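The values are calculated or read from the model by the stated rules, or taken from the named source; none is laboratory data. Remember, predicted model here, so these are calculated numbers, not experimental data. Note that we place each Cβ from the backbone using ideal geometry, even for glycine, and neighbour counts take in every protein chain shown. Please note that ligands, DNA and RNA were not included when accessible areas were found on the heavy atoms of the full protein model with its side chains. Shrake-Rupley method; radii C 1.70, N 1.55, O 1.52, S 1.80 Å.
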Amino acid sequence: MNINFVDFALLEKASAAFLAAAIAALGLLTMFDLAGILKNMRSAASGRHQMRRYAKQRFTTLGRALQSALDSLLLKLQAMDWQVHEAQLCSTHSERDPYSLIGSEIKSGNMNRDAFFNEVLTLISHRSRADAAIIMVNAAAGGIGGFQAYYKILSGRIPDSVRIREILRLTATSLMQQPAGLYDCEHDRARLGDIALFGLRYIVTQPFKLAAEEGDGFIALAYSSAAPSHAEITALRQLSVRVEKDLRDTLRIFELSGRVNEASRRDKERNDFLAHVSHDIRSPLNNISAIIHLFLSETAEDGKQHLLKAALGNCAQVTEIVEDLLDFSRHQAGRLEARVEKVSLDQCIDEVVEMHSVSAGLKGLSLTRELSKEGETYVLADRRHLKRVLNNLVSNAIKYTQKGWVKISVDTDGRSAHLRITDSGLGLSKEQLDILFTPFTRFHKGLCEGVGIGLSLSKVLLELNGGTIRVDSQLGRGSRFTAVLPLAVSAANIITSSMPKETAPQRSRTSSTILIVDDDPDSVESLAKNLARDGYQLQRCYSTSQALSCLRAESIDFVLSDINMPGGGGLKIVEALKIARREIPVLLLSGQELSDLTVERLPEWVKLLQKPYEYKEVQKWIEEMASINSHLTVRQALVA
């Protein structure tokens, strides 16, 4: 907003009236003086020399009187200006400060020192009638290295050029050691004469203090016509106080903003690194698991099958460690979310027991489960999180139990499901219980390996899903972990399938063609051998473009594609199928975590499966999709 200054037309009329009165008074005094001179001339005709001297003295006295009258007029005008300004400021600003809003306007979380002072100059240009402004601040810490100048020409009466800016800088430099105040360039031509050549008459200066390590600075405003009023000088003084405070706050915010941006950048780099590492770990693990599955299906000897199952269990444990690290990283970044749904707790327990039965058997431990007598138990939770918690708790129980047993039990109280994992292991002391859920805390380090985030992450995941966890333990007598989760509806109300009761006969495996797409030949071959063993017809592609060409030329029933490949990968294939309006079932295989937005945009005929996966998950998906689409003509080529 612009400051409404005094009406100078009114002041000019008042000045003219005052000057007329002064001239009239001067005329009367002159007439009386002339009368006295004539009288003296008549009384002393020979005293002409004396008459001239007397006349000179009287006119000198009259000139001084006129100068005094003019000075008095100037003071009266300045007083009138001050009073008018005070009245205007009182009516528009409660703080009587034309720059009273500067604090709220210049504060910004992304403004450095240069931007701050340029913003101050912009505000001055909106609120002051000055013709030019300059801010001088220390260019280096402690005032070493000279001063840095910020300029702004505020009106069209002064030309904006390199020369005028240099003159402003030199003038401001010459006034730096002088006290704050108003300077008249006409009366101080020795220092300020150069700036007067450009039509500037008055300069008002006001210093301000910066932080101790930055030294001081000052603001100077230059005027070409009337001198600044008392209100303007007061406003400039208040502005300097605000600059002192707001500069510190702004630079602090800028510093913190820089730290936040740097932390965000590092967090992104860390997440990208973890994503790439997880992909690099998951893909080889998936290949190993597929090869072991292939050997397992071709081996009839119990001893070899036992060892192969142990190898699969170790692959699963490495996968869990990778998942724990990724989830813990997401939790620290505030991006860990739960997809709550109705989950069969009994089914999750069966899967976890099957996964850990081999490792428990190798240690000679008894791994048992005792499910609720009221029937199958359903809870509201993220299925992946629930399995993660079960895996961590059962794995720790087996890890810290040298002999005896591990037992999983479930009971309900009508509102919650109580999942208990009890063991006869080493147990925990009271001191250990106090820090049990602290990240990267490990006990009995000589006996067991691990990174120490399983329990802390389990607590986070349970709380994220509306659950709790507690532990009861005695040193040397084992431990019992109890996880409580909200109970869902009974099994009778769970819709297990949307398929109609009567469906068309399913297509045989030998008549179904599956396209496998991956830029890793090992992944393609390990998956292809398992599918070929089950009797499926196969097409192999090792790039996105090759897969799109195959879909145009061949009849494909199912697509199994890696999601991360040059050229777009699985998502590119899905997009091409959507454009062609062909709903060929696609299973996307990913070694990285996809965002929720990406998952939500996937059509119903597309499913995401993360590496490493078990081959039976692929089998289950193919059978489900074959059942759903058995009444459709799925063997069609993609239209170009």
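Below is a table of values for the structure above.
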item	result
Tabulated pairs, the stretch 287-302, first assigned to a helix (DSSP H, G or I), second of a type in the set (Asp, Glu) and surrounded by 18 or more Cβ atoms within 10 Å (Cβ to Cβ), C-beta under 7 angstrom, 6+ apart or interchain	Ser289/Glu614
Those residues of the stretch 169-185 which are out of contact with any helix residue (DSSP H, G or I) (no Cβ under 8 Å at 6 or more places or on another chain) and either under 18 Å from Lys152 (Cα atoms) or among the basic types (Lys, Arg) (or both), in sequence order	Arg169, Ala172, Thr173
Condition met for Val343 (under 35 Å from the mean Cα position of the chain (by Cα) and free of Cβ contacts under 8 Å to residues at least 60 places away in the same chain)	no
Criterion: at pLDDT 85 or above, within 30 Å of Lys387 (Cβ to Cβ), open to solvent by less than 80 Å² (accessible area, probe 1.4 Å) and in contact with a Phe, Trp or Tyr (Cβ under 7 Å, 6 or more places away or on another chain) - qualifying residue of Pro486, Pro521, Pro585	Pro585
Residue in the stretch 325-337 that is open to solvent by less than 20 Å² (accessible area, probe 1.4 Å), under 24 Å from Val406 (Cα atoms) and part of a helix (DSSP H, G or I) present	no
Condition met for Val343 (surrounded by 15 or more Cβ atoms within 10 Å (Cβ to Cβ) and in a strand (DSSP E or B))	yes
Residue in the stretch 159-174 that is most open to solvent (accessible area, probe 1.4 Å), counting only those that are among the small types (Gly, Ala, Ser) and within 43 Å of the chain's Cα centre (by Cα)	Ser161
Selection within the stretch 424-438 - hydrophobic (A, V, I, L, M, F, W, C) and open to solvent by less than 30 Å² (accessible area, probe 1.4 Å)	Leu428, Leu436
Residue in the stretch 540-553 that is hydroxyl-bearing (Ser, Thr, Tyr) and modelled with pLDDT under 85 present	no
Search result, residues across the stretch 313-331 that are within 16 Å of Ser590 (Cβ to Cβ) and of a type in the set (Ser, Thr, Tyr)	Thr319
Residue identified as surrounded by fewer than 17 Cβ atoms within 10 Å (Cβ to Cβ) and within 22 Å of Ile563 (Cα to Cα) among Arg270, Arg266	Arg270
Residues (within 14 Å of His306 (Cα to Cα) and either polar (S, T, N, Q) or free of Cβ contacts under 8 Å to residues at least 12 places away in the same chain (or both)) located in the stretch 362-381	none
Members of the stretch 470-480 found to be part of a strand (DSSP E or B), more than 10 Å from Leu436 (Cβ to Cβ) and in contact (Cβ under 8 Å) with a residue 12 or more places away in the chain, listed by number	Arg470, Arg480
Residue in the stretch 373-402 that is farthest from Thr422 (Cα to Cα), counting only those that are of a type in the set (Gly, Ala, Ser) and under 38 Å from the mean Cα position of the chain (by Cα)	Ala381
Output for the stretch 392-423, where each listed residue is open to solvent by 40 Å² or more (accessible area, probe 1.4 Å) and farther than 14 Å from Arg369 by Cα	Lys399, Tyr400, Gln402, Lys403, Asp413, Gly414, Arg415
Matching residues in the stretch 352-391 - criterion: being hydrophobic (A, V, I, L, M, F, W, C), more than 13 Å from Gln317 (Cα to Cα) and open to solvent by 40 Å² or more (accessible area, probe 1.4 Å)	Leu362, Leu371, Leu380
Residue match in the stretch 563-574 (condition: under 30 Å from Ala338 (Cα atoms), of a type in the set (D, E, K, R), modelled with pLDDT of 90 or more and assigned to a helix (DSSP H, G or I))	yes
Residue selected from the stretch 297-324 under the condition open to solvent by less than 30 Å² (accessible area, probe 1.4 Å) and not polar (S, T, N, Q), by the criterion modelled with the highest pLDDT	Cys315
Any hit, the stretch 185-195, residues being among the charged types (D, E, K, R), over 40 Å from the mean Cα position of the chain (by Cα) and exposed (fewer than 14 other Cβ atoms within 10 Å of the Cβ)	yes
Single match in Lys403, Lys342, Lys387 (criterion: farther than 28 Å from His306 by Cβ and of a type in the set (Lys, Arg))	Lys342
Residue match in the stretch 123-135 (condition: surrounded by fewer than 20 Cβ atoms within 10 Å (Cβ to Cβ), β-branched (Val, Ile, Thr), at pLDDT 80 or above and in a helix (DSSP H, G or I))	no
Members of the stretch 318-332 found to be under 15 Å from Ser395 (Cβ atoms) and small (Gly, Ala, Ser), listed by number	none
